[in-house]
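Comments concern the structure below.
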Amino acid sequence: MVDGLQRLSTIHNFARRSDFALSDLEYLDGVDGLWFEDLTPPLRRRLLNVQIVVHVIDPSIPSDVEYNIFKRINTGGEPLNSMEIRHCMSRNRSCDLLKLCASQDEFTEATGGVLRNHVRMHDREAVLRFLAFRRLNDIKAYDEYGTLESLLDKTAELIDSEGQVPSAQIDRWFEEFVRAMRNATYVFGAHAFRKWPHGSERLSPINRALFESWSVVLADYTLDQLEPAKEG
C-alpha cells in the first residue's frame, strides 16, 4: 500500500473491530463517544457501502519508480522524510532489523539517548547507514549508487530479500552493530560520533558522517584491541 494505509486501517478498526469510539470529529455532530454499533442504521450503511477508489501499481515497475510515486503522493500535512517513506515501502524483514538495532542499550548509550525512538525515524536511518556502508566493504563501490539515498534504498531492498541476504548475515550485521556501539562508547565516551570538543566539555550534536565512518571501522575490533586508543 503506497498511500492511505493509516486511514483505511482506522476505518477497518472502527467498523469491523470496534477498537474505539468516535471523538473530536470536525464535521459530524452528535456522535462523539459512540461506537460503530451505536450509530444509526443509515450511518452504518453509509460507512459500509462507501466506494473507495484505488489505483493499482503494476508490481513489475522498478522500486525507484515506486518510491518516487510514494514521495509525490505524500505531500499533504507534514511531508514524510526519506526514511519514513522508506519504512512505508519496506517489508518486515528490514523494518524489524532496524528496529531491533535501534532499541539496543548500546546504541542508546553511544548516542547519548538523543536518537532513541525518534519521531522522525532518525534512529532507524542511523542504523541503515551503518548497514549500507558495512556491506560495501570497498568505499569505491559507493560510486555505483550515485547518491546516499539510492544506497540506502538498495540496502533496505537487499535486506528484505532472503535470497540475497541470508538470515546468518542478518545476525552477523546485528552483532557487528552492537559491537560498534559498545566500542564507540568505550573509546570516545560521551563524545562518540560527535566532533571533538578541543578543550571544552560541551557536547556537539551527533554527526552523521562520523557515525557512518566510525561505526563501520569500530565493528572490526574487540575491546582489548581498542585499549590503547581509549578516551581519557
request  = Could you grab me the full set of residues in region 134-160 that are touching a residue at least 12 places away in the same chain (Cβ under 8 Å) and of a type in the set (Gly, Ala, Ser)?
outcome  = 150, 156
request  = Answer yes if at least one residue in region 69-81 is polar (S, T, N, Q) and under 16 Å from the mean Cα position of the chain (by Cα), and no otherwise.
outcome  = yes
query = Within region 25-34, can one find any residue that is in a loop (DSSP other than H, G, I, E, B) and among the β-branched types (Val, Ile, Thr)?
reply = yes
query = Restricting attention to region 183-201, does a residue exist that is at pLDDT below 95, farther than 19 Å from residue 130 by Cα and among the hydroxyl-bearing types (Ser, Thr, Tyr)?
reply = yes
query = Taking region 172-209 only, how many residues are over 15 Å from residue 107 (Cβ atoms) and part of a helix (DSSP H, G or I)?
reply = 5
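Check 188, 193 and return the single one that is in contact (Cβ under 8 Å) with a residue 24 or more places away in the chain and more than 22 Å from the chain's Cα centre (by Cα).
Result of the check over 188, 193: 188.
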ask   = Taking region 151-172, which residues are aliphatic (A, V, I, L, M) and more than 23 Å from residue 139 (Cα to Cα)?
value = 168
ask   = Is it the case that some residue within region 139-159 is in contact with a Phe, Trp or Tyr (Cβ under 8 Å, 6 or more places away or on another chain), at pLDDT below 90 and either not in a helix (DSSP H, G or I) or not hydroxyl-bearing (Ser, Thr, Tyr) (or both)?
value = yes
key: Boolean, residue 146 is assigned by the TED database to the domain that holds residue 204, closer than 23 Å to residue 213 by Cβ and surrounded by fewer than 18 Cβ atoms within 10 Å (Cβ to Cβ)   = yes
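The values are calculated or read from the model by the stated rules, or taken from the named source; none is laboratory data. Since the model is a prediction, treat every value here as computed from it, not as a measurement. Ideal geometry is used to build each Cβ from the backbone, glycine not excepted, and the neighbour counts take in all protein chains shown.
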